[in-house]
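The values are calculated or read from the model by the stated rules, or taken from the named source; none is laboratory data. No experiment lies behind these values; they were computed from the predicted model shown. Backbone-built Cβ (ideal geometry, glycine too); neighbour counts: all protein chains shown. To get the accessible areas, we keep the full protein, side chains included, count just its heavy atoms, and leave off ligands, DNA and RNA. Shrake-Rupley method; radii C 1.70, N 1.55, O 1.52, S 1.80 Å.
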Amino acid sequence: MPKILTIQDLKDVVMGATFYGSGGGGSPENGLKLVEEIAKITDRIVLVDPTEVPDSEYIAMIAGMGAPKALKEKGFGPEALYAFEGLERVYGMIGVKFKYIMPGETGGFNTITPIYVAAVKKLTVVDADGTGGRAVPELGTTLYNLYGLPTSPFVIADKNGNLVVGWLANPLDAHTAENIARYVTVSFGMLAGLGTWVVTGWQVKWLLEPRVITKSLELGRALREAKEKGLDPVKAALEATKGYLLFKGVVKKTETKTVGGFDFGRHTLEGVDEFKGKEFIIDFKNENMIAWKAPGEPAAMVPDLIGFITLDGTPVTNADVTEGMKLAVIAVPASDRWRRHPRGFEVWRHILEAMGYKGEYKPVEKLVST
């Protein structure tokens with residue numbers, strides 16, 4: 001049965017999705033701004049489980065694409081609407097009229113982006129994403145790519161309504177789609193709306209990740225209620241996510257460089273409380289890719305999620321992290337959609353190798369026990 005999301009629910013979704021975004025997925029600041037825009041249009045959003053979508057119905061996917069710092073500095077909104085309208089025109093040529101929309105990834109901004117489009121265009125939101133309930137840096141690091149769903153056609157839009165439509169000779173070539181989309185996004189000022197990966201109800205049921213918006217809502221609500229009751233929000237996050245506390249510390253140093261539409265960087269933390277006297281490092285490419293408890297000793301790695309929450313209970317992205325900030329670093333095991341696929345680690349390997357890790361995938365639950 002469809003759920004109704006209130007404006008407070010959407011605010012909770014933003015905070016929960018920020019954590020699950022694993023350092024990326026857009027700043028909650030931008031997500032909350034979109035919630036404010038939604039509130040001007042409607043006070044409720046209709047959310048359905050994938051099982052409620054007819055197998056043959058088409059579902060649109062809209063996201064923001066670009067460097068997280070650019071998103072935080074410039075804001076976002078019309079890009080998503082223009083991308084959706086472009087996707088409507090493309091699929092309208094074969095008689096498709098969209099009734100449903102879903103997030104491509106989970107994040108404080110990119111979960112809310114299609115919900116904003118749904119509010120404006122009066123669509124129903126499907127409770128699923130194509131990345132396993134996390135945010136990802138590349139089109140190739142998605143469940144869509146892993147399970148052979150075509151990237152083409154895709155639409156990229158800027159805030160002025162300029163559109164680029166991509167048709168690939170090989171519709172499954174996510175690498176080429178990534179290169180084209182990033183090139184266009186850079187030319188659009190490091191920020192664009194993206195429409196692609198239109199899927200059917202059958203595909204979202206069997207190949208993609210269900211109930212990710214509900215999970216974000218539950219985590220965001222748990223954090224808010226813990227703070228309201230004076231309880232430990234870090235403990236609340238661990239209970240809600242069934243995650244592992246990797247570290248608590250103060251950000252000693254943060255380094256970020258934007259190259260080709262990506263934010264690359266490293267955070268170095270000095271331990272507090274039970275981690276006092278220790279150091280911890282996180283390397284990221286938009287999202288957190290690998291955490292190190294010592295040189296050459298990983299604490300967690302993709303596709304497992306590595307998220308941040310301040311010690312007073314606010315999830316943050318890499319674009320929000322500043323030196324002196326006190327953070328808890330929590331890892332959550334990746335979904336079965338990632339872990340059970342034989343190539344579930346291979347699509348990430350090139351990123352980790354560039355960061356100095358050349359080994360095989362090690363699940364977080366094994367790393368924390370050693």
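Please verify whether the stretch 45-56 includes one or more residues that are open to solvent by 20 Å² or more (accessible area, probe 1.4 Å) and assigned to a helix (DSSP H, G or I). Yes, some residue in the stretch 45-56 is open to solvent by 20 Å² or more (accessible area, probe 1.4 Å) and assigned to a helix (DSSP H, G or I). Against the test of being open to solvent by less than 10 Å² (accessible area, probe 1.4 Å) and among the acidic types (Asp, Glu), the options Asp312, Asp336, Asp320, Asp304 yield a single qualifying residue, Asp304. Of the numbered criteria (1) in a strand (DSSP E or B); (2) open to solvent by 50 Å² or more (accessible area, probe 1.4 Å); (3) at pLDDT 95 or above, the one Thr258 fails is (3). Filtering the stretch 360-370 to residues that are without any contact (Cβ under 8 Å) to a residue 24 or more places away in the chain and either not basic (Lys, Arg) or not in a helix (DSSP H, G or I) (or both) leaves Glu360, Ser369, Thr370. The single residue among Arg349, Arg343, Arg266, Arg337 that is more than 21 Å from Leu238 (Cα to Cα), touching a residue at least 40 places away in the same chain (Cβ under 8 Å) and either over 17 Å from the mean Cα position of the chain (by Cα) or assigned to a strand (DSSP E or B) (or both) turns out to be Arg343.
Do the conditions hold for Thr185, that is, is it farther than 23 Å from Phe345 by Cα and either free of Cβ contacts under 8 Å to residues at least 24 places away in the same chain or not hydrophobic (A, V, I, L, M, F, W, C) (or both)? Give the steps one after another, and end with the answer.
Details: farther than 23 Å from Phe345 by Cα: yes; either free of Cβ contacts under 8 Å to residues at least 24 places away in the same chain or not hydrophobic (A, V, I, L, M, F, W, C) (or both): yes.
Considered against the rule, which asks whether it is farther than 23 Å from Phe345 by Cα and either free of Cβ contacts under 8 Å to residues at least 24 places away in the same chain or not hydrophobic (A, V, I, L, M, F, W, C) (or both), Thr185 comes out as yes.
Pairs are defined by a Cβ separation below 8 Å, a sequence spacing of at least 6 or placement on different chains, a first member in the stretch 228-251 that is closer than 17 Å to Gly16 by Cα, and a second member that is open to solvent by 80 Å² or more (accessible area, probe 1.4 Å); the pairs so defined are Pro233/Lys227; Pro233/Asp312; Ala240/Glu218. Out of the residues in the stretch 109-166 meeting the condition of being within 16 Å of the chain's Cα centre (by Cα) and acidic (Asp, Glu), tell me which one is most open to solvent (accessible area, probe 1.4 Å). The residue in question is Glu138. Pairs meeting the criteria (first residue in the stretch 115-140 and on the phi > 0 side of the Ramachandran plot, second residue of a type in the set (Lys, Arg) and assigned to a loop (DSSP other than H, G, I, E, B), beta carbons under 9 Å, at least 6 apart or on different chains) are Gly133/Arg211.
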